[in-house]
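Visitor: Okay, handing you the structure first.
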Amino acid sequence: MPPELLAERLSRVQSEIADASRAANRDPVSVTTIVVTKFHPASLVRDLASLGVRDFGESRHQEAQAKVAELADLDATWNFVGQLQSKKARQVKAYANVLHSVDRESLVDALGDGGEVRDAFIQVNLTGEEHRGGVLPTNLDALVERVAASTGLRLIGLMTVAPLHGEARAAFARLRELSERVRETVPGASALSMGMSGDFREAILEGATHLRIGTAITGNRPIQG
Ligand SMILES: *Cc1c(COP(=O)(O)O)cnc(C)c1O
């Protein structure tokens, strides 16, 4: 994408985020925008960085690992937002500053206690669609305790992907309610990673602290994921 077009899309999304924050009586500074760059080349990440973006999201291990290595000179925070395979977990933890998709106890064990302590979100599945990842709300409390007991992860909040068909805002409200319960056990776990290109306004109204926005900023992905 031509750099002017990228700059224009980014600033349009930023002003929509500012508008939604005002509508929600929130300071736009309380909302971190992660630009999801999966399937896009490292050069697009560089273009975004030169426009002031610092927070990037990736969802496929091999692609992410290569991109982070190629862009080691950037002052960037890398967010892993895709499903985590247990056997790749430690490798992902080596380069990802923030993990958004911790969703099972075996994965917490695989992430282990060694290496850097990483910020982590627990991904919650609010739709029952198993292939999309996430822990079911009924199993959330046990997983919270497991992550809280891990010395390799710092639980900072909850993450969800809104249902494909349905009411995004209701799902985000539900995640916020679950988060209130989690904070009784882990007071610092107050972040909410929710809201993508199609539903970030609703997410901001429900208290999102981390938006994961791809196509609204980057345009369509070269290959659809
Ligand atoms: C790809 C992806 C996004 C970004 O989606 P867009 O609709 O392009 O904004 C956000 N979160 C996750 C988990 C993703 O995989």
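The values are calculated or read from the model by the stated rules, or taken from the named source; none is laboratory data. Quantities reported herein were computed from a predicted structural model and do not represent experimental measurements. Note: ideal-geometry Cβ built from the backbone for every residue, glycine included; neighbour counts use all protein chains shown.
Visitor: Which numbered condition in (1) at pLDDT below 95; (2) in contact with an Asp or Glu (Cβ under 8 Å, 6 or more places away or on another chain) is the only one that residue 219 fails?
Guide: Residue 219 satisfies every listed condition except (2).
Visitor: Out of all the residues in region 132-151, is one or more at pLDDT below 95 and within 16 Å of the ligand (Cβ to nearest atom)?
Guide: Looking through region 132-151, at least one residue is at pLDDT below 95 and within 16 Å of the ligand (Cβ to nearest atom).
Visitor: Quick one: how many residues across region 148-163 are under 17 Å from the mean Cα position of the chain (by Cα) and either closer than 22 Å to residue 111 by Cβ or surrounded by 20 or more Cβ atoms within 10 Å (Cβ to Cβ) (or both)?
Guide: So the answer is 10.
Visitor: Same structure again: Where the second residue is assigned to a strand (DSSP E or B) and basic (Lys, Arg) and the first is over 13 Å from residue 70 (Cα atoms) and within 14 Å of the ligand (Cβ to nearest atom) and lies in region 33-53, which pairs have Cβ atoms under 9 Å and are six or more apart or on separate chains?
Guide: 33/212; 34/212; 35/212; 36/212
Visitor: What pairs come out if I take residues in region 194-217 that are touching a residue at least 60 places away in the same chain (Cβ under 8 Å) and among the aliphatic types (A, V, I, L, M) and pair them with residues that are part of a helix (DSSP H, G or I) and surrounded by fewer than 20 Cβ atoms within 10 Å (Cβ to Cβ) whose C-beta lies under 6 Å away, six or more apart or interchain?
Guide: 204/21; 216/13; 217/9; 217/13
Visitor: Another question, then. Every residue in region 5-49 that is out of contact with any Pro (no Cβ under 7 Å at 6 or more places or on another chain) and at positive phi, please.
Guide: Correct list: 25 only.
Visitor: Which numbered condition trips up residue 16, out of (1) under 19 Å from residue 214 (Cβ atoms); (2) within 16 Å of the ligand (Cβ to nearest atom); (3) crowded, with 19+ Cβ neighbours inside 10 Å?
Guide: Among (1) under 19 Å from residue 214 (Cβ atoms); (2) within 16 Å of the ligand (Cβ to nearest atom); (3) crowded, with 19+ Cβ neighbours inside 10 Å, residue 16 violates only (3).
Visitor: If you take the residues of region 164-189 that are touching a Leu at 6+ places or on another chain (Cβ under 7 Å) and in a loop (DSSP other than H, G, I, E, B), which of them is surrounded by the most Cβ atoms within 10 Å (Cβ to Cβ)?
Guide: That would be 189.
Visitor: Return only the number of the condition from (1) within 16 Å of the ligand (Cβ to nearest atom); (2) of a type in the set (Lys, Arg); (3) farther than 20 Å from residue 57 by Cβ that residue 183 does not satisfy.
Guide: Exception for residue 183: condition (1).
Visitor: Next question, about the same structure. Report, by residue number, each residue of region 190-216 that is in a loop (DSSP other than H, G, I, E, B), of a type in the set (Gly, Ala, Ser) and under 15 Å from residue 124 (Cα atoms).
Guide: Residues satisfying the conditions are 190, 195, 208.
Visitor: I want to confirm something. Restricting to region 190-209 and keeping residues that are within 10 Å of the ligand (Cβ to nearest atom), closer than 20 Å to residue 23 by Cβ and not aromatic (Phe, Trp, Tyr), which single residue is surrounded by the fewest Cβ atoms within 10 Å (Cβ to Cβ)?
Guide: In this case the residue turns out to be 198.
Visitor: Moving to a separate point now. On the given criteria, is residue 126 more than 18 Å from residue 147 (Cα to Cα) and touching a Pro at 6+ places or on another chain (Cβ under 9 Å)?
Guide: Yes; evaluated as a whole, the condition is true for this residue.
Visitor: Based on what the data block shows, is residue 59 touching a Ser or Thr at 6+ places or on another chain (Cβ under 9 Å) and free of Cβ contacts under 8 Å to residues at least 40 places away in the same chain?
Guide: So residue 59 fails the test.
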